[in-house]
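Down below is the structure, laid out as structure tokens.
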Amino acid sequence: MNTWIVHRHAREHDHNQQNGMSFNFGSALQTALIDAGLNVRDVRIRHKRFEQTLSFGMTDVQSAMDPRQPDRLVLDYTRLMMGFMVFAPQPRNMLMIGLGGGSLPKFCHRHFPGTDVTVVEIDPRVIALRDQFEVPPDQDRFRVVHADGADFVAAMDDASHDIIMVDGFDAESMAPSLGTQNFYGLCARLLTTGGVMVCNLHELDLHFGAYLERIALSFDGESLAVATRECGNSVVFARKDVAINARMPNRLRCPAGMSEQAWAGIETDVHTVLREARSLRTFS
């Protein structure tokens, strides 16, 4: 198999070694702050005229909702994450790590009526806000599980998911446990053949380059990172046992079950992922 990793904005990553062992300074600092009682994760809701936001801390916005259209994807990176449709247009099972304000779970539940969606969220305070963000109640094909995402994935052994979405940030950074080689390997193991892991990463994270390398290693190089237009995020798509640019659709159409209005809101971003995937070249 040909192996590559392609991304639009490459970043050098810090990789400190001590006596041959990797040392994660960010994780150690976060642990020290928690031990000192200084790392309080405030969960805040703010209201504007046509926007309701969820924040961890004082300033950063983790999720946003338009109260007039609760299922609309407001933030740029969430629309780009829907680019999984290029590779798996009709997923049967989806696993989402991180609930936030529930933008992606709501959208997928409404517009993919045949898809079973499981959402895993570690913070009970976030889950407690689900009604305020109009996240659907648990039902036959939709559920929110209170658990650590990394532990949840490690406990599973059924390769039955077509899509795994990873979007687990707090006020400081992405949860370190969601960026390890072991975690990405477990995600790959849980995907069906041709299934896709979709990760939201931040390009200013000191470990951004390391995350890209680990994803590529776990998926035999079949990964693609596409930068968002705002906020410095990159969305990474990694495909299980199938070339990232194999079997690309000739044209994109509104999926069955999705409204034309919803498709119009994400079509440009899905086209961006299709264009980037088509631009890849295979090297022997």
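The values are calculated or read from the model by the stated rules, or taken from the named source; none is laboratory data. The model shown is predicted, which means the values in this text are computed figures rather than measured ones. Virtual Cβ from ideal backbone geometry, glycine too; neighbours counted across all protein chains shown.
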Inset, instruction - Scan segment 99-110 and give yes if some residue there is over 17 Å from the mean Cα position of the chain (by Cα) and buried (at least 17 other Cβ atoms within 10 Å of the Cβ), otherwise no. - result: no
Inset, instruction - Report, ordered by the first and then the second residue, all pairs with beta carbons closer than 9 Å, sequence separation of six or more or different chains, a first member in segment 84-98 that is touching a residue at least 60 places away in the same chain (Cβ under 8 Å) and over 14 Å from C187 (Cα atoms), and a second member that is of a type in the set (S, T, N, Q) and not in a strand (DSSP E or B). - result: Q90/T115; P91/T115; R92/T115; R92/S160
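Residue by residue through segment 179-199, note down the ones that are in contact with a strand residue (DSSP E or B) (Cβ under 6 Å, 6 or more places away or on another chain) and either of a type in the set (F, W, Y) or surrounded by fewer than 23 Cβ atoms within 10 Å (Cβ to Cβ) (or both).
If we filter segment 179-199 for residues that are in contact with a strand residue (DSSP E or B) (Cβ under 6 Å, 6 or more places away or on another chain), which is where we start, we get 187, 190-192, 195-199.
Matches in segment 179-199: L190, T192.
Quickly run through segment 110-162 and pick out the residues that are part of a strand (DSSP E or B) and either among the β-branched types (V, I, T) or at pLDDT below 90 (or both). Even if it seems obvious, please write down each step before you answer.
At the first step, the residues of segment 110-162 found to be part of a strand (DSSP E or B) are 116-121, 139, 142-146, 161-162.
Residues satisfying the conditions are V117, T118, V119, V120, V144, V145.
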Legend entry - segment 188-210: number of residues that are free of Cβ contacts under 8 Å to residues at least 40 places away in the same chain and under 13 Å from the mean Cα position of the chain (by Cα): 3
Inset, instruction - Would you check if S218 is under 14 Å from the mean Cα position of the chain (by Cα) and under 23 Å from D162 (Cβ atoms)? - result: no
